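Only the coordinates and a few stated rules stand behind these numbers; no lab work does. Since the model is a prediction, treat every value here as computed from it, not as a measurement. Glycine gets a Cβ as well: all are built from the backbone with ideal geometry, and neighbour counts include every protein chain shown.
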Amino acid sequence: MLVVGDLMVDRYVVSQGRKLSREAPVPVAWVQDELRRKGVDLSGVVVNERPTSLKTRFILNHRQYLRIDKESRSDVDSHITKQFLSSLKHLVEGTDGIVFSDYDKGVITPELISNVVEDSRVQGTKVLAQPKVRHYLDYIGVSMVKSNVREGAIATGVSLVNDASLRNMGHNLMTRLECDSILLTRSEQGMILFEKKNITNFPAFKGPKPGFNAVGVRDCMTAVLACSMATGAPVREAVLLAGLAASQQADKIGTVVVDLNELRSQADTTVELAERIVQVPVH
């Protein structure tokens with residue numbers, strides 16, 4: 001899988017009672033070494049004087065109370081985008097799928113998006129986009145867009161007052177982005193999937209335990225969704241599996257990896273949830 005987007009670092013300040021234990025600053029070289037150790041190919045990563053986004057999370061008695069971000073959110077200089085593009089064709093040719101992980105930190109620009117989408121079209125590679133609002137409508141031609149309802153409403157300017165306005169927003173996005181499908185998460189109301197011929201409503205999966213501040217749930221869901229799509233899974237099954245993975249992640253503190261065995265253990269839950277999925281044709 002080729003991931004296009006913002007590289008960020010999480011740092012934790014952990015406290016038990018009144019005693020604080022603060023981790024030292026994380027050097028970029030150490031981060032790269034850790035990623036390589038986990039089997040991540042960093043051939044497309046650009047390192048320069050621009051600071052890597054750093055999220056410092058303050059944990060007291062196993063609960064997160066505060067997060068402070070240190071970052072630059074302006075678009076990267078054009079020569080940085082050209083560095084990305086110089087290796088793009090080679091990276092796209094060797095991948096089974098592409099994910100845009102857009103957190104609006106400046107790495108993803110309209111020029112980068114259009115080039116990745118065009119190269120993926122030539123190669124016949126599926127592209128999943130997880131956008132923020134600023135570049136939401138620039139993801140024209142991707143295979144699938146995944147975001148929350150609020151981001152979609154802001155991007156389109158549609159006021160969500162009822163189910164009809166939600167459907168209108170979905171059709172609006174499908175038309176403007178020329179994509180195959182759009183998945184919108186709705187928190188405790190579940191998810192809604194728009195396709196050219198169907199609209200599918202998914203029930204809410206279990207949320208985090210009271211007091212937990214899960215980290216990386218959005219990314220966890222996107223990762224499982226992208227991998228499922230790359231293997232040729234039907235979109236509805238891919239969404240269901242991604243939702244289960246996210247619900248597993250939501251029970252944990254910090255950024256952790258959802259184990260495949262954990263997903264397998266949810267087989268009974270999958271059957272139960274599948275029975276509550278409602279699909280209606282688009283007229």
Inset, instruction - Work out the length of the dipole vector of the chain about its Cα centre, built from +1 on the beta-carbon of each Lys and Arg and -1 on the beta-carbon of each Asp and Glu, and round it to the nearest 20 debye. - result: 880 debye
Inset, instruction - Quick one, can you get me the convex hull of the C-alpha atoms of the chain expressed as volume per residue in Å³? - result: 147 Å³
Legend entry - E262/H90 FRET efficiency (R0 35 Å; Cβ-Cβ; nearest 0.05): 0.50
Legend entry - Exposure rule at most 10 other beta-carbon atoms within 10 Å, DSSP loop trypsin sites (Lys or Arg not before Pro): the chain longest free segment: 39-195
Inset, instruction - Grab the DSSP H runs of the chain that are 4 residues or longer, score each as -39,500 (n - 2.57), total them, divide by all residues and round the 222 nm result to the nearest 500 deg cm²/dmol. - result: -11000 deg cm²/dmol
